[in-house]
Structure formats: C-alpha cells, structure tokens
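Each remark here refers to the structure printed beneath this line.
The values are calculated or read from the model by the stated rules, or taken from the named source; none is laboratory data. Not measured: the values here are computed from a predicted model. As a convention, Cβ positions derive from the backbone with ideal geometry for all residues, glycine included, and neighbour counts pool all protein chains shown.
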Amino acid sequence: MDKENNSVSIERVNSESFDDFLGLINKLAEYEKLAPPDEEAKNRLRRDCLSDKPKYNAFMGKIGGKPVSYVIYFFTYSSFLALPTLFLEDIFVLDEYRRHGVGKKMFIFLKETAKAEGCGRIEFTVLKWNKSAQDFYKKNGAKCLKWFFYRVVHDDF
C-alpha cells in the first residue's frame with residue numbers, strides 16, 4: 001500500500017461505482033471461499049441498492065480513487081431498547097490494505113452513522129474461523145454475545 005497516499009474517502013455506492021462495488025463483493029466471496037453472486041443476484045443487488053427506497057445502504061472506502069473496502073448495512077429495531085439497530089451485513093477490506101487503518105475508518109463511519117440515526121446498538125455476525133475479524137471487532141469495542149444464530153432459507157418458507 002502506498003503509505004504516502006493512504007487517506008481513505010468513504011462514498012455511497014451509486015450507479016457509476018456499482019461495478020466496483022460488485023468487484024469487492026466478489027473478492028469477499030473469494031476470501032470466504034463462497035460462490036459470488038450470480039447474474040440474477042447482481043441484478044437484485046443493483047435494484048435494491050439504487051432504488052428510490054433502498055433495502056440496504058452501501059458505501060465504499062477508496063484510497064487515491066481506488067475502491068479498497070466496502071460496508072453494507074441496514075436498520076432493524078430493538079423492542080427492549082425501543083431504538084433502531086444498525087445491522088452490519090458486510091465489512092470488507094482488500095487484503096493488501098488491511099492493517100493500515102482502512103477497516104477502522106470504515107467501522108468508525110458505522111459508529112457515527114448509528115449515532116446520527118439514534119441507534120441503540122450495532123450488531124453483526126462473524127464467522128467462527130475468522131479470527132482476524134474477531135480480533136478486529138474486539139479491538140474496536142465489540143463484545144461477543146453468547147447467542148446462537150439461526151437461519152431459515154427461502155426454500156423453507
């Protein structure tokens with residue numbers, strides 16, 4: 001990474017930057033050893049991000065104009081706090097830009113967003129094998145909950 005020009009700018013994904021955003025999603029799939037979105041999924045991602053009423057919020061971190069990271073988040077609601085919750089779906093930084101403050105800047109952006117939106121908390125999941133992500137979140141103030149995470153996929157409803 002060029003340490004001379006490591007200032008991270010954070011920009012909302014738009015129609016002009018959407019293909020770069022998809023490229024980063026593909027890099028996350030590669031990192032997690034998962035299949036990337038197929039064409040139908042890419043079309044839904046585009047529609048749901050860029051519509052008048054987006055289903056999720058997407059921002060990219062750029063260094064020197066190059067996309068190097070992204071976040072996807074949306075809002076849920078806590079019945080006990082009676083406040084919104086910012087749910088972080090994805091945070092990803094290209095490997096060669098890790099450990100240089102990019103992820104921290106993206107996470108601070110999320111905290112600032114949650115505060116501005118009046119959220120009572122930020123929640124997210126971390127894969128059990130992803131020790132570096134677990135360490136990152138702990139270092140940035142997150143605590144691991146002792147809850148089980150369940151899922152019902154669309155074929156089952």
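The conditions are (1) modelled with pLDDT of 95 or more; (2) β-branched (V, I, T); (3) not in a strand (DSSP E or B), and V126 fails exactly one of them. Which is it?
The failed condition is (1).
When you look at E30, is it free of Cβ contacts under 8 Å to residues at least 24 places away in the same chain, surrounded by fewer than 18 Cβ atoms within 10 Å (Cβ to Cβ) and over 23 Å from K139 (Cα atoms), yes or no?
Details: free of Cβ contacts under 8 Å to residues at least 24 places away in the same chain: yes; surrounded by fewer than 18 Cβ atoms within 10 Å (Cβ to Cβ): yes; over 23 Å from K139 (Cα atoms): yes.
Judged against the criteria, E30 is a match.
Any idea which of K111, K105 is modelled with pLDDT of 95 or more, under 15 Å from the mean Cα position of the chain (by Cα), over 29 Å from K33 (Cβ atoms) and part of a helix (DSSP H, G or I)?
Just a single option satisfies the conditions, and that option is K111.
Pairs needed: first member in the stretch 45-57, without any contact (Cβ under 8 Å) to a residue 60 or more places away in the chain; second member anywhere, of a type in the set (D, E) and in a helix (DSSP H, G or I); C-beta distance under 6 Å; at least 6 residues apart or different chains.
Hits for this filter: K55/D48.
Filter the stretch 53-83 for residues that are in contact with a Gly (Cβ under 9 Å, 6 or more places away or on another chain) and surrounded by 17 or more Cβ atoms within 10 Å (Cβ to Cβ) and give the result.
G61, P67, V68, S69, Y70, V71
Among the residues of the stretch 85-109, which ones are touching a residue at least 24 places away in the same chain (Cβ under 8 Å) and farther than 22 Å from V13 by Cα?
Passing the criteria: only H100.
What number goes with the only condition from (1) surrounded by 15 or more Cβ atoms within 10 Å (Cβ to Cβ); (2) at pLDDT 95 or above that H100 does not pass?
Checking H100 against (1) surrounded by 15 or more Cβ atoms within 10 Å (Cβ to Cβ); (2) at pLDDT 95 or above, the one that fails is (2).
Would you check if there is a residue in the stretch 127-138 being in contact with a Ser or Thr (Cβ under 8 Å, 6 or more places away or on another chain), small (G, A, S) and within 24 Å of S9 (Cβ to Cβ)?
No, the stretch 127-138 contains no residue that is in contact with a Ser or Thr (Cβ under 8 Å, 6 or more places away or on another chain), small (G, A, S) and within 24 Å of S9 (Cβ to Cβ).
Where the second residue is β-branched (V, I, T) and the first is free of Cβ contacts under 8 Å to residues at least 60 places away in the same chain and lies in the stretch 110-122, which pairs have Cβ atoms under 6 Å and are six or more apart or on separate chains?
Filtered contacts from the stretch 110-122: A114/I122; C119/T85; R121/T85.
With respect to D135, is the statement that it is surrounded by fewer than 16 Cβ atoms within 10 Å (Cβ to Cβ), modelled with pLDDT under 95, acidic (D, E) and under 17 Å from the mean Cα position of the chain (by Cα) true?
The answer is yes for D135.
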